[in-house]
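Notes follow the structure.
What follows is calculated from the coordinates using simple rules that are stated; it is not laboratory data. Just so it is clear, the model here is predicted, and its values are computed rather than measured. All Cβ positions, even for glycine, are placed from backbone atoms using ideal geometry, and neighbour counts span all protein chains on display.
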């Protein structure tokens, strides 16, 4: 079980890309089963991510929290860009009558799923913020700014980078 917790951040970093497996499935039935299984397993993967961040926070390991937050966010950047491009294509094809109804729903669903992924991957950094603030290494204003930035696309990476730099610049 200990090895699982060590590899959990890797699972979180790779998890969104596993949806691409569905593109290679031969028929609609296999696609449906894979999508159902993927959706059901997403909840435990995200919950395990929260648990791992809590374990690292209780251990007081700010270096591991900030390092994990930064590289998980780096791993997710191509996924976010791909979803952004797919959303743009779905909006462009709305001239076809059937896509007028389907495209906005798919774009909203993809945006919602991406935001859940953003919040899940930000939990490592939020745990680091709580730890750094409780130790007096960042101010309350800095902690609030970082936490708000971690809830926004693009700014979340810069907040994670700032936290990593803060931890590396003045070790405990």
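Things worth noting here:
- Distant alpha-carbon pairs in the stretch 50-91 (separation over 14 angstrom), percent: 60
- In the chain, the longest principal axis of the Cα atoms and the axis of helix 28-59 are about 10 degrees apart.
- On Cα atoms only, tilt of 155-169 relative to the major axis of the chain in degrees: 30
- Residues 45, 167, 102 arranged by fewest to most Cβ contacts within 10 Å: 102, 45, 167
- Each residue in 31, 157 was given a count of other beta-carbon atoms within 10 angstrom of its own, and listing them fewest first yields 31, 157.
- Calculated mean residue ellipticity, 222 nm, the chain: -28500 deg cm²/dmol, from DSSP H runs (n ≥ 4) at -39500 (n - 2.57) each, averaged per residue and rounded to 500.
- Prolate/oblate/rounded label for the stretch 1-152 (Cα gyration tensor, a/c 1.5): oblate
- In angstrom, the C-alpha Rg and Dmax of the stretch 62-172 are 17.4, 61.
- Residue order, fewest to most surrounding Cβ atoms within 10 angstrom, among 120, 166: 166, 120
- Here the stretch 1-39 and the stretch 78-111 have alpha carbon centers that stand 22 Å from each other.
- A Förster radius of 41 Å, combined with the Cβ-Cβ distance separating residue 93 from residue 140, puts the computed FRET efficiency at roughly 0.30.
- Note on the stretch 1-56: Kirkwood hydrodynamic radius from all Cα pairs is 12.4 Å, rounded to one decimal.
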